[in-house]
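Single-structure report; data block below.
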Amino acid sequence: MTSEVIDFAVSFAETAFVTNVINRRELIAQLSLGILTLSGGLPLLAATSKDAAEAKAFDASRRYVGTRFGRIAYADLGSGDAALFLHGFPLSSFQWRGAIERLSPYKRCIAPDFLGMGLTEVANGGDVSPNAQVEMLVEMIDKLSIQTVDIIASDSGGAVAQLFLTRHGQRVRSLLLTNCDTEPDSPPAALKPVIEMSHAGTYVDQWLVPWLADKALARSAKGIESFARNN
């Protein structure tokens with residue numbers, strides 16, 4: 001899982017609208033737990049026992065569907081027409097928990113963890129590019145017997161949503177984009193250091209390890225907040 005997390009960042013940043021499969025990068029084995037904590041159900045910025053309990057409960061509610069891309073983790077709550085929630089980097093479907101809770105009385109809310117993120121398990125040697133993410137979503141909703149969706153997306157998930165609409169427009173009833181990647185701003189300036197450090201093999205040691213060790217740093221302008229400030 002650890003190498004896919006890094007590849008996900010680089011692939012989204014470099015190929016938001018172009019197919020490009022990048023090589024896997026081997027990371028230090030002992031970082032696995034930290035990366036999963038960042039990208040999975042227990043988010044980096046969870047600050048209280050209540051937050052941790054909420055994240056643990058959300059993890060337990062996730063379902064899984066097998067695809068040729070891997071074993072896809074997703075939240076599935078409610079009934080009726082489906083709303084498909086697409087999260088950003090470096091997050092997971094946990095990002096959408098509040099929206100899902102409020103919308104699920106009216107719609108079936110589906111929120112997958114992207115390839116390389118959250119609790120999704122990527123197939124060995126699998127592609128995690130934006131193009132692969134789109135085709136994974138198509139296969140996933142096919143297996144869930146969903147014909148059309150309302151898409152709600154943010155951040156890098158917005159890039160995938162736009163690709164999905166372009167290639168499978170007949171399956172999209174509506175599209176709601178929050179602050180997200182667009183062709184004129186891809187990669188966003190805030191993500192360029194991630195690309196450079198990932199190519200150099202230093203992303204985990206320089207950013208993620210210090211953030212995991214120091215939550216105050218992670219929440220500061222020198223931490224993950226820099227993504228929000230610069231996007």
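Each reported figure results from applying straightforward, stated rules to the coordinates on display, with no laboratory input. For clarity, every value in this text was computed on a predicted model and none was experimentally measured.
Kindly identify the stretch 102-153 as rounded, prolate or oblate by the Cα gyration tensor criterion: order the square roots of the eigenvalues as a ≥ b ≥ c, call it rounded if a/c is under 1.5, otherwise compare a/b with b/c, prolate if a/b is larger, else oblate.
On the way: a/c = 2.31, a/b = 1.81, b/c = 1.27.
Note, shape of the stretch 102-153 comes out prolate.
Return the long-range amide H neighbours of residue 181 (sequence gap of 5 or more, or a different chain), with a cut-off of under 5 Å between placed amide H atoms.
Here the answer is 155, 156, 158, 159, since their amide H atoms fall under 5 Å of that of residue 181.
Considering amide H positions built from the backbone, and no H for Pro or chain starts, which residues 5 or more places from residue 172, or on another chain, come under 5 Å of its amide H?
For residue 172, the qualifying residues are 149.
Per residue of the stretch 185-195, what does 6.51 cos²θ - 1.76 cosθ + 1.60 with θ = phi - 60° give for ³J(HN,Hα)? Whole Hz please, x for Gly and Pro, Karplus curve as stated.
Per residue, the Karplus-derived 3J(HN,Hα) values read 10, 9, x, x, 4, 5, 8, 4, x, 4, 4 Hz.
Residue 83's amide H: which non-local residues (gap 5+, or another chain) put their own amide H closer than 5 Å, with H modeled 1.01 Å from N in plane and none for Pro or chain starts?
Those lying under 5 Å, H to H, from residue 83 are 108, 109, 110, 150.
Under 28 Å Cα to Cα from residue 143, which lysines show up? Leave out anything in the same chain fewer than 8 places away.
The qualifying lysines are 56, 107.
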